1. Just wondering, is there one or more residues in segment 310-318 that are under 25 Å from Val482 (Cα atoms), outside any strand (DSSP E or B), at pLDDT 95 or above and of a type in the set (Val, Ile, Thr)?
2. Determine, yes or no, whether Glu74 is surrounded by 10 or more Cβ atoms within 10 Å (Cβ to Cβ), at pLDDT 80 or above and closer than 30 Å to Ala128 by Cβ.
3. Looking at (1) modelled with pLDDT of 95 or more; (2) surrounded by 15 or more Cβ atoms within 10 Å (Cβ to Cβ), which is the one condition that is false for Gly546?
4. Could you check segment 201-225 and list, in sequence order, the residues that are in contact with a Ser or Thr (Cβ under 9 Å, 6 or more places away or on another chain) and on the phi < 0 side of the Ramachandran plot?
5. Taking the residues in segment 319-338 that are in contact with a strand residue (DSSP E or B) (Cβ under 6 Å, 6 or more places away or on another chain) and either at pLDDT below 90 or outside any loop (DSSP other than H, G, I, E, B) (or both) as candidates, determine which candidate is farthest from Asn446 (Cα to Cα).
6. For Ile739, work out the one condition from (1) farther than 29 Å from Lys617 by Cα; (2) in contact (Cβ under 8 Å) with a residue 40 or more places away in the chain; (3) aliphatic (A, V, I, L, M) it doesn't fulfil.
7. So if I check each of Phe425, Phe512, which one is in contact with a Pro (Cβ under 6 Å, 6 or more places away or on another chain), of a type outside the set (A, V, I, L, M), crowded, with 21+ Cβ neighbours inside 10 Å and closer than 30 Å to Phe142 by Cβ?
8. Would you mind finding the one in Pro300, Pro306 that is part of a loop (DSSP other than H, G, I, E, B), closer than 30 Å to Asn279 by Cα and either free of Cβ contacts under 8 Å to residues at least 12 places away in the same chain or in contact with a His (Cβ under 6 Å, 6 or more places away or on another chain) (or both)?
Amino acid sequence: MGESYGIMTGRSVRKTKDPRCWQLLSLFLGIICLILLITVIVLAVQKKEKEQTSTLYECKQVSDQRIIDLREPENPPNFHDLTRNEIARIFNFMFAQETLNITQPSKASLGSNYIYAMELILPNKNDAFQSSTTRKSLVTVFEGANPNPVVTEYCVELKSQIQFCGSTRSITFSFRPITIPEYVFILDTVIAEANKTVGNILKESYHGTPINCGKTCLGVENVSPFAAVIAGVEGQNYRGLWVPFVQLMEPRNLHPVDFAVLATINGTSTPKADTVWYNGQLFESLDDFKDKWEKNQVSPLKIDFPKMPIHEDVIKENYQRPPIEVEPDGKRYSIKDQTVTSDHWKFSFGISPTHGPQLYDIRYKGNLIVYELGLQEICVFYSSSEPFGRFANYFDSVVMIGHYMKTLVPGIDCPYHATFIDATFMSETSNTPVTNKKAICVFEHNTASPLRRHHAPTETPSGYFEGAPNVVLVLRMIATLVNYDYIFEFIFYQNGAMETKVSASGIIASSFKSAGPKYGFQVNDQAIGTLHNHFFNFKVDLDIGGTQNSYSTYNVEVDEVPNAFSKADSSSNWFQEKIVKVDYATEREAAYMFNFSNPKYHIFYNENNLDKYNNPKAYRLLSKGFVKKVLPEGVGNEPGSPWTRYQMAVTKRKEIEPHSSSKFATYDGENRTVNFEAFIGEENIKNEDLVAWVTLGVHHIPRTEDLPIMPTPGNDISFLLLPFNYFPEDPSVGTGDNIRLQYDNPSSPLKIMAQKLNDLTCKPPKTYSVEDLLKEPEMFIDRPTI
């Protein structure tokens, strides 16, 4: 056995000494070493990247002159919106007036006296820049508890000892805007009566009910005011409201059911469910509708209840994120006391509760260009064969446009690096000030296109390239008015131009598909998107070289001249264009209706402010949103918006004509609270303080691509104010964003004259993000009820 064992062991030893085994072992160990080497290299690279990342600090504010101070001032300047402290003082003062018998908001009803609105009254223009000017507020009170109900406007002076100022103004009670207590009162009444009287018919027709409905509810999303002049019952204290029912499924406006009730109210009485519309038929009342249904005298309508939309496809997972902008040296503007200051521009801003966004004291490099620029009114008139769509003529001030400037979403509504600013109002539902968080944003934006550029490679003495990026300063706010979202932008360019822009988005309104093709195209299984228009009116108080301004146009006309250079036997003429200056002496002459056959420049200037070539130093108003109103004058609701008749009107500025419309415009057709047509008379407008009333608009024929939410491309309109011989050259030349390339001499290298270029060595600071909305979600989206 031992011999045998020895022999086997010897064989084994000889076997392991085979050179092929050592080669395999060496190869294996080599592979292990290579893997270890690669691992060490990867770890070292990752460590270096981590070290580099850890040293990439947030971008810091380079200039200590840039201050963002969003605190409310203790002593607000003249253009500042009413502060929380001022609103609280006015509340206390008004509640202390025992003779007014004002009810707390929580107990307000149509038959009580309660405060509807508070709004800053601008000082007289001559006093606007005086620090000693006393601030004032217009306080609107609905006095429904009086024997003869009335709306009264009070002037309240915000002195150390607050007091009334001037006389009051009374407005007919039935002219009041739609209020929350009244709106709730009407809807509760109509819905309850409809459910009680014809609830079974509604369930059979629409597979849903208005009350105790679970997930198949019928309700109301929008209403159409029906004024006395439209109903033909002037002088009877009448107010009507068409209340259309819809299936309450997102988006509600696109699930009409062709059933509507006309609610009427006289004085402060209980609303009455009056006329009824169902499937193209008109009935005198809900009882009449029920009676005829039971007698088989009604054509029934059957509509399935829509299914809940699926939203999983809204967000694509693992998708590359979009580009963002970075401020490598921090903010290049300051904000304090609702005033923005940059290297070129300075302006104050605010929000009128009634009219919406307002700007004041707009200056470029210290020169006053515009004293006041603000939205006045939004009008939207629909067309349809059914009453809700037919009488859907909206003057949006009826719901207080400014109150609907709501929270802005970072990365969508404004870039992440923007400065977000709160807006404070008085609300009829609260006895303390209400703040809409982050309702305004200010930011700089590189448009990624040139402001100007030229490449001259062969020009003597040296070829060159010169240009500048188009970096703009933007003030933006967005109003969501029921179904439409209006994006208001004020854009300030480095060359002294500024643009006022409106873009529309949101959900289109609709009528049931039976309304007919002449009013719109069918966009889903049960609705047509109804034809409508949007009109926006802006007040532009220009002060070009002072307050004494004139208005002229430079018309472009045909110039026919002899062609002396032609060798033809018969004489021939040459046709080209020429400039013809037209001066306007009166307001009526300057009421402008756009005509494509007569192109022209609209110019505002001071006749005594000339350049060295005797050109008036002027500003040009260029509209990119002129639209023609096709409705005839003087019919229906058209007299409520006479400013839509003109693409622009120029009038002499008057303190008694502060606005072109009012919150009473919807119902005051019997006796207009503000009659804009009366602004346009025979007043002289040469060398006077002038106001341009600019109307922008668009006719909208909805399409399927407007669903589910209407996109903004093609739905934006604007007007610009452009320097016109105001400066000796483009005033943006020499700004820090410029770049020039040239040779200093024939033998020199190409020289770059510019600020630091793409040497970004910092990361954007953490700013307001979408996740921040989760901190106070109910402030942004109402929590659903169970």
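The values are calculated or read from the model by the stated rules, or taken from the named source; none is laboratory data. Just so it is clear, the model here is predicted, and its values are computed rather than measured. Counting neighbours? That spans all protein chains shown, and the Cβs are built from the backbone with ideal geometry, glycine included.
1. No, segment 310-318 contains no residue that is under 25 Å from Val482 (Cα atoms), outside any strand (DSSP E or B), at pLDDT 95 or above and of a type in the set (Val, Ile, Thr).
2. no
3. (2)
4. Leu202, Lys203, Tyr206, Gly208, Thr209, Thr216, Cys217, Leu218, Pro225 - these are the residues of segment 201-225 that are in contact with a Ser or Thr (Cβ under 9 Å, 6 or more places away or on another chain) and on the phi < 0 side of the Ramachandran plot.
5. Lys336
6. It is condition (1) that Ile739 fails.
7. Phe425
8. One residue alone meets the criteria, Pro306.
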